[in-house]
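Let me begin by presenting the structure, written as C-alpha cells, before commenting on it.
The values are calculated or read from the model by the stated rules, or taken from the named source; none is laboratory data. Being a predicted model, the structure only gives us computed values, none of them experimental. Don't worry about glycine lacking a Cβ; one is built from the backbone with ideal geometry, like all the others, and counts go over all protein chains shown. The area values use the complete protein model at the heavy-atom level, side chains included, leaving out ligands, DNA and RNA. Shrake-Rupley method; radii C 1.70, N 1.55, O 1.52, S 1.80 Å.
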Amino acid sequence: MTTTGEEPERAFDHSEVESRWQSAWDEADVFRIDDDATDPEYVLAMFPYTSGQLHMGHVRNYTITDAFARFERMRGEAVLHPMGWDSFGLPAENAAEERDTNPRDWTMQCIDQMRDQFVEMGFGYDWEREIATCEPEYYQWNQWLFKQFREAGLVERQAAELNWCPSCETVLADEQVEEETHDDGAVDVCWRCDTPIDHREMDQWFLTITDYAEELLDALDDLDGWPNNVREMQRNWIGRQEGASVAFEVGEYGDVDIFTTRLDTIYGATYFSLAPGHPVAQQIAEDNDEVAEYIEMAAQADEDELDVTSGVFTGEYATNPATGDAIPVYVADYVLTDVGTGALYAVPAHDDRDHEFAEHHDIDIQQVIEPADDAAVDPEDVDVQAEAYTEDGILVNSGEFDGLTSVAARETFVSEFHGEHRTEYNLRDWGISRQRYWGTPIPMIHCEDCGYVAVPDEDLPVELPEFVHTTGNPLDAAEEWKQTRCPDCGTDATRETDTMDTFVDSSWYFLRYVSPDLDDAPFDTDRASDWLPVDRYVGGIEHAVMHLLYARFFTKVIDDIDLLAGVREPFVNLTNQGMVLGENGNKMSKSRGNGVSPQRLIDEYGADTARLFIMEAAQPEKEFAWSPEGVQSAHSFLQNIYRLTEAFAAGDITFDAESTDIADYVDREIDATAARATEEYEQFRFNHALQAVRELVSLLRRYREATDPDRATFERGLVTAAKLLAPVAPHVGEELWDHLGADGLIVEADWPSADAPVDYETERRLVENTREDVRDIIDTVGIDAPQTITLAVAPAWKHEVVSIAREADNVVPAVMQNQDLQQYGEAAADFAKTLAGRANIDEHLAPERELAALERASWLVAREFDTEVVVQSADDADDTLASQAEPGRPAIDISE
RNA sequence: GCGAGGGUAGCCAAGCUAGGAAACGGCGGCGGACUCAAGAUCCGCUCCUGUAGAGGUCCAAGGGUUCAAAUCCCUUCCCUCGCACCA
C-alpha cells in the first residue's frame, strides 16, 4: 500500500485485486475466440510501435477498444480483440546502436515490457493471436505478398528522384516528409528526426498504388463510419483533377503534351512553360547554357526558395493550336515535373501564377473569359491586366467560339484541338525501398544475365542476417548473406539489400490475426472473408493518410487476387482518439516536463482508476487535459461503490420486505439507467454512460439513507451498476460481482436488459418541475420550517381538455363541443382559453399515472425539506387547491 | 487560397442530424445537514429581478424563415486541423 497518513483508508488493495482477476480471466480463457466463430465483432486498436514505453495515448487508445470489446462480449457477441506489435523500424536500430545491442534483442525486450503493461491494465486480448511483424513467421508473408503483387503487375522498379534523409541515411516516402515552417520560409524535413531532406536519384521498388487511385477515392464516399476529416484528408491526398491534354508543337522538338483543367482558356495562352525536369527541357539544355544553368540551379534550390516568377526563356516557340500563334517557351520552376505532364500552356489573364510570371517577364496578357451575366462581378470591372480573372464565364476573343460558356468550351475544345479527356491524380506510386536493416528484406535477387529475379516461394522467408554495427546499410555489409545464386540460371548473383517500408507490415496485419499460425498462407481466406472487415478500428489521427490509405490499397489488391472474397474495405467504423494533454492543457512532452507516466498511475491508483478517469474525461474523439482531481474523483468513486456493495454483502444494511413507492421509483431508475448506458456505449460515448452509472450509485446511497430499502430492488441496483461499470473498470467489476454472490465472472455475465420504463421522460420532467416549484415557493416566500407539503393532481376533465387542445387547431370550440366536458361549463371554457393562448402544450400523463408518479417521487421532497408530503387525487383534495392544478403541474400547498 | 470541424453561462462541456421549458453533467465558488473539528458523504444555490410556483435578458455578431430558433437559412468575425507554386 502506498497510502499516506493523510488519505482515507482504502476499501481494497487494487494491486492485489487486479492481479487476482487478471489471473482468473486468463485461467477461464475468456478472451479467446474460436476459429469456428461466425462473423464475430472485430474490435481493433492500431497496434503499437514497440518503443518499450507505454504512454497515455496508448492507455487511452487501448482502454477504448477494450471497454467496447467487453461491452459487446457481455451482450453475447463473439468478439475478436487481438493485439500485436509493429516491431520493425529505424528507432530499434538507433536504440541498438546507443545501447550496444541489436535491434532484435532490443525489440523483444520492448515487447515483453509492453505486454506486461497491457496485462496490468487489464486489457483483454486473445494472446494466442499475438503477432509481431519482425518475426520471420510474419514477414515471410510480406515477401510472399510482394511477389503476388508483382505477378499482378503492381510492382515496378523505377529510377526516381527521391526524398533522402541524410541523418537516417534512407529514402523517405512522400508521406514521410513533413514541412517545417521557419521565419524565412518552409523546409521539408524528415518526419522522424526533423532533419532537412535532400533529393537523390535512385532505383527503387514501387507498388503502383496509383492504379487504384480512382477506387480509393470513390469508395471514400461510402465509408459512412469514418470521420469526415479523415476522408477529406485522403481525398486531398489522392487529389483528382478532371481535365484534358492537348499537344503543342514546340519548335523542332515536336509535339509536347500539356494537361489542363481550363481548356476553355486556350485562346489566351500567350506563353508555354516546361518543368525543369521535363525531357524537352533537358534536351534544350544540351544546346543552351542558360537553360542548363537554370535547370541545375532549380535542382539545387530548396523548396520555396524560388518564387513563381522564376524561369528562363528558351529561345524556342510553341504553336498555339487554337490561334496558330507562336508563343515563347520558358522553363520555369513553378511548373512541377510530376504534376500533369510537366508542361503547360500559360494563360496570364486567367491564372494567378501565370499572371505574376507574365508581368515579371513582360509577356502579353490576353483576356478570353468574361464574367457571365449572372456572375457576381460586372464584366466592366474586370481588368485582367491588373489581376487574373480565374472564374468560369463566357468566352471572348476566341474566334468562332465567342459566347460559349466555359463548361461548353472545355467539352468542345477537346475534339476541336485533337486532345483527350484526362484525369490526373496527385497520388504517387508508393516507393517501399528502405536502405535500412530492421525491416522485411525485399525478396529479389539481381543476376547479371537475368536481371531481377524473385526468390522462389520455397526459399522464403529471406531472413535477416545477424546485425552488424556499420555506418551504412548493414545488409550491404553482410557479404555472405548477400551472395547467392540466380534462381533462373544458377550463376552467382546478389540479393537486394533494401528492406521494405514498415507501412507494408501494417497494411495487412489485421488479416493475420484471423489465423496467426498458418504456415502455408498469410491468412485463411474463408475465415478472413467472414470475419473481415474490422467493425471498430481505433487509433491516432496521425495515420489518417499513410497507414489507412495503404491498408485500403492492400485490401483491394488482396481481394482482386482472390485471397479474399468480396472484402473491398478493411475498416467499417473508424475512430481517431483525441490527445491526452498535460495538466496545463499543453501537449505532454519531455521538454515541457508535463508528462504523466501510466505505470506510476497504475502503481498508485490501479488500472481501473486510470481507465475510468480516461473514459470519463471526454468522448473518445476529443482531447482532454490531465487532471489530478479527475483521477482522484474516479478513484473515490470506485472506492465508494465498493464500500456500498461490501456493506450490502456483509449484511450491514437493514431491509424492509414491504414493497413501497420508493422501491418502485428506484426500480424505474435502474431500468432507465441501463437503457441509457447501453445506448451511450453503442454510440461510443462512454463518458455519458459512466455519468449514468454514477447517478445510479448515488441514488442507491440516498435510497439507503432515506429508508430501509427493499432488498431485491437494492440488490438489482448494485448488480446493474456493477455490470454497466464492468467494461471500463473490469477488476472492480469482478470484485463487486464476487461480493454480490453471483456465479461466474462478470466479464462473461449478461448485459442488463435495456428498456426504458413507460413514460419515463414525461414522468421525470413532472417530478423535476414539481420539486423545483416547491423549492421556488419556499425560497421566494421565505418559509423556514414547512410542516406539510400537499400535492394535488388536476381533475380528469382537465386532462381531457389538454388532450383535445393538443390535437385541435381551434381549441376553444373543440372543447366546448365535447359532450363530456359541457357539464364543467365556465371552468372548461376558461381553461381552454388559457391553453389556446399557449404556443405549445406539453405531453402529459393520465391523472392516475401522474398520481402514481408523484407518490413514487414524494420521498425526494420529504427528504429535502424534512417534512411530510401528501399526494392527493383531485377527488380527495380540497376543491380550491385542486382547481389550481393543471395536468403536468400539480397544485402545491405548503403549510408552516 | 482550398477543404474539414468549431465558437454554449467563471472554466470544461452536453444539446444542434428529426425547431417547442435559462439550456444535461462536471470543476470552481456560496449556503446548509452530519461532526468536537477536518475530510468523506448528503441537500440546495451559482444571468438579473421577485414575500406561492412569476417576469426579464440569454447559446460569437447581425439579419431571415416560423406561432415558436442554441437548433434551419444567409452574411460577417474569430479559433483548431488538414492540403497547398496541382496547371
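Annotations for the structure displayed:
- Lysines whose Cα lies under 19 Å from that of A:LYS147, excluding same-chain neighbours fewer than 8 positions away: A:LYS556
- For chain A, a simple Cβ point-charge model (Lys and Arg +1, Asp and Glu -1, everything else neutral) yields a dipole of about 2940 debye relative to the Cα centre.
- Note that the range A:137-143 has calculated 3J(HN,Hα) couplings of 4, 8, 6, 4, 7, 4, 5 Hz, one per residue in order, obtained from phi through the Karplus relation 6.51 cos²θ - 1.76 cosθ + 1.60 (θ = phi - 60°); glycine and proline are x.
- Peptide ranges A:774-787, A:847-860, A:193-206 listed from the most packed, as the mean C-beta count within 10 angstrom indicates: A:847-860, A:193-206, A:774-787
- Here, chain A is characterised by an Rg to Rh ratio of 1.09, where Rg is the alpha-carbon radius of gyration and Rh the Kirkwood radius.
- The value given for the range A:760-895 is a Kirkwood hydrodynamic radius of 15.5 Å, derived from the mean inverse Cα-Cα separation.
- Paramagnetic label zone (point 7 Å from Cα along Cα-to-C-beta, A:GLN282; backbone N under 12 Å) in the range A:316-343: none
- Amide H contacts for A:THR170 (H built 1.01 Å from N in the peptide plane; partners 5 or more residues away or on another chain; cut-off under 5 Å): A:CYS165.
- Figure note: A:ASP35, A:ASP289 ranked by solvent-accessible area, largest first, 1.4 Å probe, ligands and nucleic acids not counted: A:ASP289, A:ASP35.
- Residues whose placed amide H lies under 5 Å from that of A:GLU316, excluding near-sequence neighbours: A:VAL329
- Nonpolar atom fraction for chain A, defined as the carbon and sulfur part of the 1.4 Å probe accessible area, stands at 41 percent.
- Estimated from the Cβ-Cβ distance and a Förster radius of 60 angstrom, the FRET efficiency linking A:VAL781 and A:SER589 is about 0.55.
- Spin-label pair A:TRP191/A:ASN769, simplified geometry with 7 Å Cα→Cβ offset, distance in nm: 5.7
- Under 5 Å, built H, 5+ apart or other chain: amide partners of A:TRP85: A:ILE131, A:ALA132, A:THR133
- Sequence-ordered 3J(HN,Hα) estimates for the range A:283-289 from the Karplus curve with 6.51, -1.76 and 1.60 and θ = phi - 60° stand at 5, 4, 4, 4, 10, 10, 4 Hz, glycine and proline given as x.
- 3J(HN,Hα) from dihedral phi, the range A:687-703, Karplus parametrisation 6.51/-1.76/1.60, rounded to Hz, x for glycine, proline: 5, 5, 4, 5, 4, 4, 5, 4, 5, 5, 5, 4, 4, 4, 5, 5, 4
- Looking at chain A, the accessible area is 44 square angstrom per residue; that uses a 1.4 Å probe and ignores ligands, DNA and RNA.
- Sites A:MET202 and A:ASP39 - FRET efficiency at Förster radius 35 Å, r taken between beta-carbons, to 0.05: 0.15
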